[in-house]
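A.B. asks: Below: one structure in structure tokens.
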Ligand code: HEC
Ligand code: HEC
């Protein structure tokens, strides 16, 4: 693959001034050796579309009552999450799940915690934009209001005209979706200290993080069986080879009835399918920038990385008080890959140090991915 990419770029060289710019003209700004994500033929990547998408992503006018934006729930400094236990929409409706962090979305085959079949960014964003259960941005049934609102603004008249040149009526729901998706494809985090360490910068991470990495990828801890691949979310074998892009598991967070039940409203895939086998099952999340995206787990019930690592070390979570009492370790629905590991406190700390080496500060503060609107702090 990499060889092919270099060959294409090489043939394009004679015609263009910047040899690293791919033939379609879009400069992904990636370090050598990192391939851009695939782009759907129906939505060619252009700088103008990405710039429009960035404005839309951060614009509160994308909420019907102007109380939310994509960017307020997916805030850069928080690893593109919101810091809430579970997301809160524009009308204060609470989402059943914790906000997912955003990075490397263009490489995903499956989006969200619970929709294995949903792979298209252009389609996914219609859920927050138009969804009514829960309401996130609130334009469901009022789509024309959104396009009329944008069309009334000179800013968007110009941005849409530049992004969709030659189109007589460029401001449509479809063109909104294509621009935001194009922006999302550019949000690539592949230059964390751990990436640089793998590329030969021996001092990019601490000794603790190095030991944590060894443990993470070891058969003993087995983390990388579920958190494998470039984004630490693919199914991999013990040699590191990726077997499937995404895995869906119950990791034993709850066992409220002794038969593996999760609390009402927090049942993962089960809340979509009703299938008893889907109780507590969610997609494995990426671990990139995870240090910043607390709280953790699909219901936001993991306060810190130390808490999360302790759950995996124990082989399931014990809840010993409150309404959800039960021992997730004994859940019959838990993945067999989740079992007591017997880690020492030092080893748990090393795993946390490794997870923190996946924080890419430059990505989280990159002006290309930040809010273009002036705000009062
Ligand atoms: C109210 C807060 C909120 C708003 C507003 C919001 N999101 Fe999200 N986002 C979430 C939550 C919660 C999830 C997890 C959803 C789930 O699994 O059901 C999520 C998931 C995602 C994902 C999937 C990430 C992955 O790893 O699979 C993408 C992509 C995304 N949002 C993009 C957007 C875009 C683009 C917008 C604006 C159109 C947006 N979001 C608006 C809270 C929000
Ligand atoms: C059986 C597959 C599997 C194994 C093995 C596994 N994980 Fe996970 N991990 C998951 C799933 C699934 C979730 C989300 C669970 C939920 O929210 O219900 C998760 C969540 C996490 C989170 C929280 C991420 C977030 O954004 O909420 C961290 C951190 C994490 N795992 C680290 C580890 C570490 C470290 C290990 C090894 C000690 C490990 N995992 C082993 C599947 C696995």
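A.B. asks: Taking segment 164-180 on its own, how many of its residues are assigned to a helix (DSSP H, G or I) and farther than 16 Å from residue 146 by Cβ?
C.D. replies: Final tally of qualifying residues: 0.
A.B. asks: How do the pairs read when you match residues in segment 274-289 that are more than 18 Å from residue 252 (Cα to Cα) with residues anywhere that are in a helix (DSSP H, G or I) and within 10 Å of ligand 1 (Cβ to nearest atom), using Cβ under 8 Å and keeping only pairs 6 or more apart or on different chains?
C.D. replies: Here the result reads none, with nothing in segment 274-289 linked to a residue that is in a helix (DSSP H, G or I) and within 10 Å of ligand 1 (Cβ to nearest atom).
A.B. asks: Does residue 242 satisfy the condition of being in the same structural domain as residue 316 (by TED's automatic domain parsing) and buried (at least 22 other Cβ atoms within 10 Å of the Cβ)?
C.D. replies: no
A.B. asks: Report yes if some residue within segment 146-166 is in contact with a helix residue (DSSP H, G or I) (Cβ under 7 Å, 6 or more places away or on another chain), near ligand 1 (Cβ under 10 Å from one of its atoms) and not assigned by TED's automatic domain parsing to the domain that holds residue 231; otherwise report no.
C.D. replies: No, segment 146-166 contains no residue that is in contact with a helix residue (DSSP H, G or I) (Cβ under 7 Å, 6 or more places away or on another chain), near ligand 1 (Cβ under 10 Å from one of its atoms) and not assigned by TED's automatic domain parsing to the domain that holds residue 231.
A.B. asks: Among the residues of segment 115-134, is there at least one that is within 16 Å of ligand 2 (Cβ to nearest atom) and either over 16 Å from residue 180 (Cα atoms) or part of a loop (DSSP other than H, G, I, E, B) (or both)?
C.D. replies: Within segment 115-134, one or more residues are within 16 Å of ligand 2 (Cβ to nearest atom) and either over 16 Å from residue 180 (Cα atoms) or part of a loop (DSSP other than H, G, I, E, B) (or both).
A.B. asks: I'd like to check something: does segment 79-96 contain any residue that is within 8 Å of ligand 1 (Cβ to nearest atom), under 28 Å from residue 144 (Cα atoms), touching a residue at least 60 places away in the same chain (Cβ under 8 Å) and crowded, with 21+ Cβ neighbours inside 10 Å?
C.D. replies: no
A.B. asks: Check 326, 280 and return the single one that is touching a strand residue (DSSP E or B) at 6+ places or on another chain (Cβ under 8 Å), farther than 30 Å from residue 191 by Cβ and within 8 Å of ligand 2 (Cβ to nearest atom).
C.D. replies: It is 280.
A.B. asks: Read through the list (1) in contact with a helix residue (DSSP H, G or I) (Cβ under 9 Å, 6 or more places away or on another chain); (2) within 12 Å of ligand 1 (Cβ to nearest atom), then give the number of the only condition that residue 283 fails.
C.D. replies: Going through the list (1) in contact with a helix residue (DSSP H, G or I) (Cβ under 9 Å, 6 or more places away or on another chain); (2) within 12 Å of ligand 1 (Cβ to nearest atom), residue 283 breaks only (1).
A.B. asks: Quickly run through segment 191-208 and pick out the residues that are crowded, with 22+ Cβ neighbours inside 10 Å and over 19 Å from the mean Cα position of the chain (by Cα).
C.D. replies: Result: 205, single match.
A.B. asks: Kindly list the number of the only condition in (1) under 28 Å from residue 75 (Cα atoms); (2) in contact (Cβ under 8 Å) with a residue 60 or more places away in the chain; (3) buried (at least 21 other Cβ atoms within 10 Å of the Cβ) that fails for residue 254.
C.D. replies: (1)
A.B. asks: Then there's this: Is it true that residue 53 is away from ligand 2 (no atom under 16 Å from the Cβ), assigned to a helix (DSSP H, G or I) and at negative phi?
C.D. replies: yes
Conditions (1) more than 9 Å from ligand 2 (Cβ to nearest atom); (2) in the same structural domain as residue 291 (by TED's automatic domain parsing); (3) in contact with a helix residue (DSSP H, G or I) (Cβ under 7 Å, 6 or more places away or on another chain), marked per residue:
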residue	(1), (2), (3)
229	yes, yes, no
235	no, yes, yes
246	yes, yes, no
249	no, yes, yes
264	yes, yes, no
270	yes, yes, yes
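A.B. asks: Moving to a separate point now. Taking the options 298, 321, name whichever one is within 8 Å of ligand 2 (Cβ to nearest atom) and part of a loop (DSSP other than H, G, I, E, B).
C.D. replies: Every option except 298 fails the conditions.
A.B. asks: Taking residue 96 as the residue in question, decide whether it is outside any loop (DSSP other than H, G, I, E, B) and closer than 28 Å to residue 364 by Cβ.
C.D. replies: no
A.B. asks: Continuing with this model, one more query. May I ask you to say which residue of 327, 371 is farther than 24 Å from residue 234 by Cβ and out of contact with any helix residue (DSSP H, G or I) (no Cβ under 8 Å at 6 or more places or on another chain)?
C.D. replies: Within the list 327, 371, the selection yields 327.
A.B. asks: Which condition number does residue 342 fail, the rest of (1) within 16 Å of ligand 1 (Cβ to nearest atom); (2) without any contact (Cβ under 8 Å) to a residue 60 or more places away in the chain being met?
C.D. replies: Among (1) within 16 Å of ligand 1 (Cβ to nearest atom); (2) without any contact (Cβ under 8 Å) to a residue 60 or more places away in the chain, the lone unmet condition for residue 342 is (1).
A.B. asks: Further, regarding this structure: On the basis of being in contact (Cβ under 8 Å) with a residue 12 or more places away in the chain, part of a loop (DSSP other than H, G, I, E, B), under 13 Å from the mean Cα position of the chain (by Cα) and more than 9 Å from ligand 1 (Cβ to nearest atom), does residue 188 make the cut?
C.D. replies: yes
The values are calculated or read from the model by the stated rules, or taken from the named source; none is laboratory data. From a predicted model like this one, the values you see are computed outputs, not experimental measurements. Cβ: placed from backbone, ideal geometry, glycine included. Neighbour counts: every protein chain shown.
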